[in-house]
Amino acid sequence: MIDLRPSLCYASLLSFGQCQQVDNADREYVKARRGERGGITVEKPPVATITAVSVPFRDTPDGCAAICYAADLGKRIGVPVRVIAHIPHAADVLRMLRDTSASVSADEHRRVERRVHELVGRSDVEVSIGTSSFVRHAFPSGTIVVDNELARQRRDIWALAPIEEASVARADNTAICIPLGDDESGRHALRYGLALAQRLQRQVLCYHTTWRKPDEPSAQPESHITGGTRANIEDAEHACVQLGIGRFRTIIETADGVVEGIVRAALREHCALIIVARGLHTGMGSYADQLLEESPIPVCIAPRPMPEVSR
Amino acid sequence: MTRIRWSSPYVTMMVVLAMYVVKATAKLVIGSWVHSPVISGDGMHNVADFFEAVFVIVGVFIATRPPNGKYPFGRKNVESILEVMIGLGLAVAMCVVAKDAVLGIIRSMHAASAGPDTFTPDSLRMGPRYFWWVTGVMFVSACISVGIGMYEVATGKASGRSSIIADGKETLVDSGIEFTALVGILCEYRWNAPWIEYPLALGVAFLMAKTAWELTSRGLDGLLQRSLGPTIESALREYTEMMPGVIAMTGLKTFRIGSTAIVIAKVASRCHGRALQHLKRAVLDDLRKNLAWYGFRESERYLRFERPTPHRRRDAYAIIRREGIAAIAPTLEVATHLRICDVDNDAIVRWTDVEKPINRLDVLALLMRKRVQRFVLLASVGQSADTAVSALLGGTDIASVEAHTCIPELLGM
């Protein structure tokens, strides 16, 4: 492989957001790396690795829906599904029940396992009993954690809030919506979004809403987007081709509000999932948090620290 | 200079009026010149069509007026009334054509039995001098009817005006009559066999009857507010229930006012706040698209979201409570408290602890006093269930069920 510009790798352009402005030289470099010039080895775009799907056990309507969603997601992606039952004050509870001559830990495991298998209708879902709180639980890298509460509480995990859905998609031809901006969070979300789209074999819908340029007379939203956004969208499109994702579409709007625009476009286009990342420098009012409040569609939030990149 | 919008309903109807003026004039002049009752009759038919087109224009004008307090759905049903009128008019015309055709066949059969070449319409002027005028007028008229009829149907579909579609279909049927008359005239000239016109006219009468039935029943469907049919309703239901956040479409009423589809739906969802607003807008948009796909360019959708029907019950959990920590008890004997829970759609929404009475019968009395429907113990794993509880609850309406975890927090408490 010919390394044309060691100081600027393709991954940094697509994912890490080292450069805010993509100048012409960078664009040429990206084109070269894409193999648009002869004799260059084409590199696959970096996507996140999915190793497992985890879900906290809660025997409530929302908890049961999340377990069913996780089981469906794991089956479609082809990764193990782990249900973790958290026992707060475990020692005290176990002691209390041991007084009753029950072999508590093993029994609790069997009870939860029976319930989970009854819920999902299959027996390949792993169940474990955890004693540490989910707020501090260390999920292995590449694990998608399916839970509405954890998606709000934790920023270090790859969380998926199923909202109230019990399966990945109600219809088979649904898309995955990835909102893109001109900053690094969009590129970061793209890595996770593309990984899911590839594994779920879904179409990708890139959405961008832009503020109007005051000096631009055109009513076309495309005329108002920045160069960075345009570059991100092109990169996303190219990455989809590289990853063999069948269909890619872009919607550019000048919506009244960012979150409103995302949710409405995702509903309008029958998307099964919205994938976002929290902005690294956002102090208040993260779009991801707003989406969790406003979206009836499941929302997947990329973790803040970057996990290892699969090549 | 203002450009003419050929797809405008009014422009279309002006073209139709102009066509009827030209056709009626030409047919009445030629018909009286050659003494042909067929051509003159068709000319009179075109005069009637002219006034029908005027009614359609007036109908479209009234139907497109906006709704107000007096007419909350507007006056779109005027178009349904017009459809019924055109359908009935066509039915009357069909009866006349069919009657003439049957009488013509009978007369020609009588004439044939009397001898060859004896059946000739009275005082009909025939000859090369008239031939090209007669055939030319009828042929051009029939071709114009086809073109204008198709133009009307296309404009009616594009603008969603059912009365224009109905008028277009009627114009297309007219072209059939004109072609039949033309065939009759040609046969009259070529083989002196005008009777061929009559079987063909019977075929045209059949087409007229079919179109009349379609138009009248469609107009009546609109006037009587018949539903849009199970196909459309099931599609609307299916697409709405595919939307994330929608639990079910619990009620659906559809009907038509004029060419506008009206949908009144009830949707169950647990969404609230902004999510509900977004969902409502998306469902409305989806309904509009689906109705447009089924040919309803205009539609009014009325949507009411409601929470799912509440299924409430009261459960009692046997609890061991010590030092502020609680666990679900495996047997009634070891329980220290009974946790009385109000359950709404399988979610515990309220609970309160009551100290367990020492006497078993007092426990039962407490459960009955609290109107408990289900008594919950920790599920037994590899051990026999608490038979004492089953014996205690036997003969009551209280069901004995098992919890799948010993941790109350995991059950939503």
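The values are calculated or read from the model by the stated rules, or taken from the named source; none is laboratory data. Worth saying up front: this structure is predicted, and the values here are computed from it rather than measured. Positions of Cβ are backbone-derived with ideal geometry, glycine not excepted, and every protein chain shown enters the neighbour counts.
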Looking at the stretch A:286-304, which of its residues are without any contact (Cβ under 8 Å) to a residue 12 or more places away in the chain and within 10 Å of chain B (Cβ to nearest Cβ)? A:E293
Do we have any residue at all in the stretch A:260-280 that's without any contact (Cβ under 8 Å) to a residue 24 or more places away in the chain and hydrophobic (A, V, I, L, M, F, W, C)? no
Starting from residues that are in a loop (DSSP other than H, G, I, E, B) and among the aliphatic types (A, V, I, L, M), keep the ones in the stretch A:141-184 and report whichever is surrounded by the fewest Cβ atoms within 10 Å (Cβ to Cβ). A:A171
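Results for (1) without any contact (Cβ under 8 Å) to a residue 60 or more places away in the chain; (2) in contact with a Lys or Arg (Cβ under 7 Å, 6 or more places away or on another chain); (3) surrounded by 14 or more Cβ atoms within 10 Å (Cβ to Cβ); (4) assigned to a helix (DSSP H, G or I), shown as yes or no for each residue.
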| site | (1), (2), (3), (4) |
| --- | --- |
| B:A275 | yes, no, yes, yes |
| B:L279 | yes, no, yes, yes |
| B:A282 | yes, yes, yes, yes |
| B:L287 | yes, yes, yes, yes |
| B:L303 | yes, yes, yes, no |
| B:I320 | yes, no, yes, no |
| B:L332 | no, no, yes, no |
| B:A335 | yes, yes, yes, no |
Over the stretch A:131-177, the set of residues small (G, A, S), closer than 26 Å to B:I407 by Cβ and over 13 Å from the mean Cα position of the chain (by Cα) is A:S132, A:S133, A:A138, A:A166
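Just name the residue that is surrounded by the most Cβ atoms within 10 Å (Cβ to Cβ) out of those in the stretch B:385-399 that are under 23 Å from A:V93 (Cβ atoms) and either modelled with pLDDT under 75 or not hydrophobic (A, V, I, L, M, F, W, C) (or both).
It comes out as B:D386.
Conditions (1) under 21 Å from A:I176 (Cβ atoms); (2) crowded, with 20+ Cβ neighbours inside 10 Å; (3) among the aliphatic types (A, V, I, L, M), marked per residue:
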residue	(1), (2), (3)
A:R202	yes, yes, no
A:G244	yes, no, no
A:V259	yes, yes, yes
A:H281	no, no, no
A:A288	yes, yes, yes
Residue satisfying all of: in the stretch B:62-81; farther than 22 Å from B:R226 by Cα and exposed (fewer than 12 other Cβ atoms within 10 Å of the Cβ); nearest to the chain's Cα centre (by Cα) among these: B:P66
Only residues that are of a type in the set (K, R) and out of contact with any His (no Cβ under 6 Å at 6 or more places or on another chain): list them for the stretch A:183-231, please. A:R187, A:R191, A:R199, A:R202, A:R230
If you go through the stretch B:317-334, how many residues are closer than 21 Å to A:D107 by Cα, among the small types (G, A, S) and at the interface with chain A (Cβ under 10 Å from one of its Cβ atoms)? 3
Cβ-Cβ under 9 Å pairs, at least 6 apart or on other chains, the stretch B:76-105 side of a type in the set (S, T, Y), far side in a helix (DSSP H, G or I): B:S80/B:S162; B:S80/B:S163; B:S80/B:R218; B:S80/B:G219; B:S80/B:L220; B:S80/B:D221; B:S80/B:G222; B:S80/B:L223
Just for the stretch A:192-247: of the residues that are of a type in the set (S, T, Y) and touching a helix residue (DSSP H, G or I) at 6+ places or on another chain (Cβ under 9 Å), which one is nearest to A:A159 (Cα to Cα)? A:Y207
Exclusive hit being free of Cβ contacts under 8 Å to residues at least 60 places away in the same chain, away from chain B (no Cβ under 14 Å) and over 19 Å from the mean Cα position of the chain (by Cα), set A:G283, A:G227: A:G283
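Looking at B:G168, B:G176, B:G136, B:G156, which is the one that is of a type outside the set (D, E), at pLDDT 90 or above and assigned to a helix (DSSP H, G or I)?
B:G168 is the lone residue from the list that is of a type outside the set (D, E), at pLDDT 90 or above and assigned to a helix (DSSP H, G or I).
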Of the residues B:V84, B:V21, which single one is modelled with pLDDT of 85 or more and under 28 Å from the mean Cα position of the chain (by Cα)? B:V84
Condition (residue is touching a Gly at 6+ places or on another chain (Cβ under 7 Å), of a type in the set (K, R) and within 24 Å of B:F73 (Cα to Cα)) applied to the stretch B:257-271: is it met by at least one residue? yes
Can you tell me which of (1) crowded, with 21+ Cβ neighbours inside 10 Å; (2) in contact with a strand residue (DSSP E or B) (Cβ under 6 Å, 6 or more places away or on another chain); (3) within 14 Å of chain A (Cβ to nearest Cβ) is the one B:H404 doesn't meet? (2)
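Which of the residues belonging to the stretch A:102-140 are more than 12 Å from chain B (Cβ to nearest Cβ) and surrounded by 16 or more Cβ atoms within 10 Å (Cβ to Cβ)?
Scanning the stretch A:102-140 gives A:V120, A:V125, A:H137, A:F139.
Results for (1) among the charged types (D, E, K, R); (2) modelled with pLDDT under 90, shown as yes or no for each residue.
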{"residue": "B:K280", "(1), (2)": "yes, no"}
{"residue": "B:L284", "(1), (2)": "no, no"}
{"residue": "B:R288", "(1), (2)": "yes, no"}
{"residue": "B:F296", "(1), (2)": "no, yes"}
{"residue": "B:Y302", "(1), (2)": "no, no"}
{"residue": "B:P310", "(1), (2)": "no, yes"}
{"residue": "B:T331", "(1), (2)": "no, yes"}
{"residue": "B:D342", "(1), (2)": "yes, no"}
Being polar (S, T, N, Q) and assigned to a loop (DSSP other than H, G, I, E, B) is the filter here, so list the residues in the stretch B:48-87 that pass it. B:T64, B:N68
